[in-house]
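Asks: Input: one structure, supplied below.
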Amino acid sequence: VQRSFSTNLPALQHAAAAAKSSTVPNIKNYINGEFVESQASKWIELKNPATQELLGMVPETTHEELVEATKSAEYAAKEWRKTTVLQRQRVMMDLQYLIRQNQDRIAENIVEEQGKTFVDAKGDVFRGLQVVEQACGLTTGLMGEKLTVARDMETYMYREPLGVTAGICPFNFPAMIPLWMFPLSIAAGNSIIMKPSERDPGAMMMLAELAAEAGVPKGVLNIVHGSVDCVNYICDAPEIKAISFVGSDRAGQHIYTRGNANGKRVQANLGAKNHAVVLPDANKQATLNAIAGAAFGAAGQRCMALSTLVMVGESKEWLPELAERAQQLKVGYGMDPEVDLGPVITVQAKERAERLIQSGADEGANLLLDGRGIVVKGYEKGNFVGPTIITDVNANMECYREEIFAPVLVCLNVDTLDEAIELVNANPYGNGTAVFTNSGPAARKFEHEIDVGQVGINVPIPVPVPPFSFTGSRGSILGDMNFYGKSGLLFYTKPKTVTALWKESDATHNRSSVAMPT
Ligand code: NAD
């Protein structure tokens, strides 16, 4: 039977739309299937980073409300785990349909709250949708194992849900990263409490609305808003068994340590400093295009942005051409179809990027392209930073050591591929890297000697699609179970192994054996 979905979704507190009316809306929590107003006494301003327009107020959810969300999730998890994976998979099929239908609407919200361009925001939704597609095929993913281990005796293993889980999200992918978390958790039979970024919670709110329409029962998916207190509650609440976190080093280290101390499973993806290594035999035009796109796209606010360029040998001669290409990129409001990059998320993020650019100049690097002070007509108050290229950087400089998270590319020169590999491996982060070359042996050497979890060969942003997992390494991850793919499914389930003996009744023995069974 073809299910029909409403095209006119309920009047969700869509921050951007509501902000066009005279009152600024309070962003609601989503508890037990209802969008509910928080009784919070502390609220956080939600602003459009291109205009500073106040879009809404985000609550610091109260302790009582967090308890209520947890109780609802705990109750729902007990019922939800009794459904079959086939039933849950069917809900995911409807969810993936609804997300595709609403992709533009979600992307528009992302432009307003986060600032990236509309086409990039659609990519944000699409890369998350791919995880929902994975969740549509869990029947094979959740199949168990069985072996006859003795006469009439079989051992079998299957994976069970954990119960209540939680997801804590960053601002830079307001759709994709929540979608790394809740679809697999729910499809595996858990309930989940999501804590979206307080800077752009709108996409998650819309996704919850769609999940409800797809048939996710009340309490299986909840949303609570807030910042540190809310996160600490999630780390401590004994009912919550596992935490998925993506965000900065500081928050991630805190959540990993506190969650683990409370006996929880924690997967935490942290910061990055991704290097592109360019060999002189690379295809120059394709390489420069790839680097400009990956360094400055999304205003450099991707955890897989190529923020560091390592030019090997004479490839350093290409830098002026790279600067020309970067200069052609248009900075502005994300809904303008000609715009290539939007603002950074906050005034503070802009000031920090500008300070780090200045630190490069102060420490002796060269500002080949300086994007500070850019003014966008009609959006004069926006947090804009233009594409910036800092050359002659060395590994001791602050602009190299810090993750800048803005459209700022720092460039280092080395003489050989070995030196480039040594440099990348000495950096504490290991999220992603890319090599640009036409030499198979050089690419192969790079692939095998580089100590980074995600490697691109002539591919600038090598984020794997499911069924592979997102496999950042070293300083870019805490915990050993990755997001989505097979590993994601392992994270949200635990194995149960059963050994069963079924034989015809045997009345010949009347004495117990006390030895270890062999
Ligand atoms: P953030 O750490 O400031 O915020 C992430 C979440 O943690 C938010 O929900 C926030 O409310 C909470 N939080 C922030 N500070 C906290 C604290 N002191 N205690 C407890 N909770 C806290 O990160 P962000 O600025 O939103 O996101 C950008 C960062 O995320 C960058 O470092 C980027 O590299 C990283 N990131 C990593 C990946 C990855 O897969 N490795 C993906 C996306 C983003």
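Just so you know, all these numbers are worked out from the coordinates, no wet-lab data involved. Keep in mind the model is a prediction, meaning the values are calculated, not measured. Cβ sites come from the backbone with ideal geometry, for glycine too, and all protein chains shown count toward neighbours.
Asks: Name, by its number, the condition in (1) touching a helix residue (DSSP H, G or I) at 6+ places or on another chain (Cβ under 9 Å); (2) part of a strand (DSSP E or B); (3) among the hydrophobic types (A, V, I, L, M, F, W, C) that does not hold for VAL149.
Replies: (1) is the only condition that VAL149 fails.
Asks: I've got another one for you. For region 416-455, which positions are closer than 18 Å to ILE477 by Cβ and in a strand (DSSP E or B)?
Replies: TYR429, GLY430, THR433, VAL455
Asks: Counting just the residues of region 476-485 that are more than 10 Å from the ligand (Cβ to nearest atom) and in a loop (DSSP other than H, G, I, E, B), which one comes out surrounded by the fewest Cβ atoms within 10 Å (Cβ to Cβ)?
Replies: The extreme case among them is ASP480.
Asks: Listed residues LEU207, LEU184; which is in contact (Cβ under 8 Å) with a residue 12 or more places away in the chain and in contact with a Pro (Cβ under 8 Å, 6 or more places away or on another chain)? Before you say what the answer is, go through the steps one by one.
Replies: Working: LEU184 fails: in contact with a Pro (Cβ under 8 Å, 6 or more places away or on another chain).
Criteria check complete, one pass: LEU207.
Asks: Additional query: Give VAL452, VAL459 a once-over and let me know the one that is more than 16 Å from the chain's Cα centre (by Cα) and within 16 Å of the ligand (Cβ to nearest atom). Explain how you work it out, then say what you get.
Replies: On the way: VAL459 fails: within 16 Å of the ligand (Cβ to nearest atom).
Answer to the check: VAL452.
Asks: Could you tell me which of the residues LEU279, LEU270 is over 22 Å from VAL408 (Cβ atoms) and touching a residue at least 12 places away in the same chain (Cβ under 8 Å)? Reasoning before the result, please.
Replies: On the way: LEU270 fails: over 22 Å from VAL408 (Cβ atoms).
Just one listed residue meets the conditions, LEU279.
Asks: Among the listed residues VAL385, VAL375, identify the single one that is of a type in the set (Val, Ile, Thr) and either part of a strand (DSSP E or B) or surrounded by fewer than 17 Cβ atoms within 10 Å (Cβ to Cβ) (or both). Talk me through it step by step, then tell me what you get.
Replies: Working: VAL385 fails: either part of a strand (DSSP E or B) or surrounded by fewer than 17 Cβ atoms within 10 Å (Cβ to Cβ) (or both).
Every option except VAL375 fails the conditions.
Asks: Taking the criterion of being under 21 Å from MET206 (Cα atoms) and outside any helix (DSSP H, G or I), would at least one residue in region 87-102 satisfy it?
Replies: Yes - at least one qualifying residue is present in region 87-102.
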